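Encoded as structure tokens, the structure appears first; notes follow it.
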Amino acid sequence: MILAVTALAPPASAASVTSNDVTFRNGGVTLHGTVVAPPGGTKLPGLVMVHGSGEHSRDDYRFEAEAFARQGIATLVYDKRTDGYSQFERSYSTLADDALAAVEALRKQPGVDPARVGVWGLSEGGWVAPLAASRSSDVAFVVTLGANGVEPSRQQAWAIENQLRRLGMAGSIVRMASSTMMRQLVGGGVFPEAHYDPVPVLTSLRQPVLGLWGAKDVLTPPGEAVRIFRESVAHHTLRVFPDAQHQLRRTTDGFDKLPGYAPGYLELVGSWVNHPPAASTADAPPAQDRPSTAVTPLAWYEPTWLQLAVPALLLVAFAWYPLLRRGPGARPARWLSATGLLTVLGFLVVDVLIQLTMGRGLGPVVAGRPLPWLVLQLLSLGAVAATIGTAVAWWRTRGHRLGVVLAGGVVFVPWAVYWGLLGV
């Protein structure tokens with residue numbers, strides 16, 4: 001790890017703090033950051049801020065960094081790596097090494113006490129920051145916001161269900177999105193770090209940990225997290241803010257963000273970092289309307305390759321039968337071809353929209369179902385009825401021309417049941 005420092009320059013946004021740009025390396029990647037500190041300080045505690053999930057720059061945490069600096073803490077914020085980090089690729093181990101490189105950079109800053117430098121992690125950083133601390137005694141303490149005690153896949157499934165319920169959805173679409181779809185993403189290997197277990201790292205920590213949660217967090221199961229941290233971390237201070245969401249912003253329901261942070265959050269971090277308590281204390285875990293559930297492995301009959309192959313086969317089978325064909329059994333076969341094609345294509349679109357928008361792109365909700373899903377369910381019922389009619393026509397006429405489209409209908413039924421299109 002190589003450190004480079006540029007000249008000191010005060011930011012225009014906060015006259016009471018100084019700003020010092022730094023660069024540091026982890027392997028072949030150079031990271032850029034800024035140290036925000038009180039002017040003229042000596043023997044200052046230091047805090048490295050570790051990002052939540054997604055793309056982040058140092059500016060995303062600048063307000064909090066300046067608030068900590070005004071309380072006498074030298075705070076390093078840095079731009080999150082983009083090399084090797086995306087929606088489908090990431091390594092908590094690599095991110096933890098980035099954080100340790102930042103710790104090394106901060107410990108070398110003038111005025112910073114190298115024995116009092118710790119890490120702060122939000123959300124995904126709540127997995128990464130403890131992992132970094134477990135690897136190095138140079139990390140003096142850990143602060144987490146909205147940290148998880150469960151696996152990422154389990155947390156994400158819980159969060160997706162919260163979002164869909166908030167939009168008024170219920171029933172099969174919620175089960176499909178939070179369970180079936182999530183299991184397929186994990187089984188297909190496109191959900192990075194899906195099974196990362198934070199508990200062994202938490203139990204290994206010897207540094208004091210300040211864990212903070214919003215009671216109205218809808219992304220992290222807060223009640224479970226507080227219990228797991230309390231049972232796993234040897235030296236802990238665990239606090240719950242009643243009217244705060246995932247990032248400890250003020251909120252009414254966990255989804256909206258009111259101006260400002262939860263009262264007392266910034267001050268608590270400052271006082272705790274400056275004077276860590278000797279004894280462990282913990283607030284009562286906040287209530288959850290339901291527990292998170294583990295994302296179970298795929299069974300032998302549902303591998304991801306099969307779930308990709310079946311829609312392709314259905315499209316071929318349904319497109320095989322021309323909609324304008326005449327003859328015995330033609331009418332139910334045409335209906336099966338049309339309803340089958342529309343259902344499969346529509347489902348693929350809805351599935352992508354759920355993944356991209358967490359259900360927000362599906363339009364109005366009717367009887368617990370977004371309108372596109374309701375249409376797909378009605379089309380699925382039509383396809384089942386058309387399959388029965390086509391089967392009767394095939395039996396009566398032994399018409400070989402109906403064989404391919406009928407086979408598609410027979411395969412369609414279990415496929416539609418599996419994905420909830422025929423569920424309530």
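Values as computed for the structure displayed
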{"item": "At least 30 Å along the helix axis (C-alpha) and Kyte average at least 0.0, DSSP helices within the chain", "result": "330-357, 371-397"}
{"item": "Calculated over the stretch 12-139: convex hull of Cα atoms, volume per residue (Å³)", "result": "91"}
{"item": "Spatially proximal lysines relative to Lys257 (Cα-Cα < 27 Å; intrachain offsets below 8 disregarded)", "result": "Lys80, Lys216"}
{"item": "Rounded to 5, percent antiparallel among DSSP beta bridges of the chain", "result": "45"}
{"item": "Expected 222 nm ellipticity per residue - DSSP helices of 4 or more, -39500 (n - 2.57), all of the chain, to 500", "result": "-13500 deg cm²/dmol"}
{"item": "Square roots of five times the Cα gyration tensor eigenvalues for the stretch 304-424, Å", "result": "28, 14, 12"}
{"item": "Largest-first principal axis extents, alpha carbons of the stretch 184-246, Å", "result": "38, 31, 14"}
{"item": "Cα-based convex hull, the stretch 245-374, per residue volume (Å³, whole number)", "result": "220"}
{"item": "Cross-link reach list, lysines versus Lys43, counting only Cα pairs under 25 Å and skipping chain neighbours closer than eight places", "result": "Lys108"}
{"item": "Listed residues Arg331, Arg206, Arg62, most fluctuating in the chain (Gaussian network, C-alpha, under 10 Å)", "result": "Arg331"}
{"item": "At q = 0.18, 0.26 Å⁻¹, base-10 log of I(q)/I(0) for the stretch 42-101 (Debye sum, equal scatterers on each alpha carbon)", "result": "-0.66, -1.08"}
{"item": "Within the stretch 133-263, percent of DSSP bridges classed antiparallel, to nearest 5", "result": "15"}
{"item": "Positive-end residue of Gln288, Leu212, Ser123, charge dipole of the chain with Cβ unit charges", "result": "Gln288"}
{"item": "The chain, relative contact order [Cα under 8 Å, separation at least 6], %", "result": "12"}
{"item": "Size of charge dipole - the stretch 152-228 - debye, nearest 20, with Cβ of Lys, Arg +1 and Asp, Glu -1, no other charges", "result": "180"}
{"item": "Accessible surface of Leu313 - all protein chains present, 1.4 Å probe, nearest 10 Å²", "result": "120"}
{"item": "Highest to lowest packing among 362-375, 102-115, scored as the average C-beta count within 10 Å", "result": "102-115, 362-375"}
{"item": "Relative frequency of Cα-Cα separations exceeding 42 Å in the chain, percent", "result": "29"}
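The values are calculated or read from the model by the stated rules, or taken from the named source; none is laboratory data. On a predicted model such as this, the values are computed, not experimentally measured, just so you know. Every residue, glycine among them, receives a Cβ derived from its backbone with ideal geometry; neighbour counts consider all protein chains shown. The protein model used for the area step is the full one, side chains on, heavy atoms only, and it has no ligands, DNA or RNA in it. Shrake-Rupley method; radii C 1.70, N 1.55, O 1.52, S 1.80 Å.
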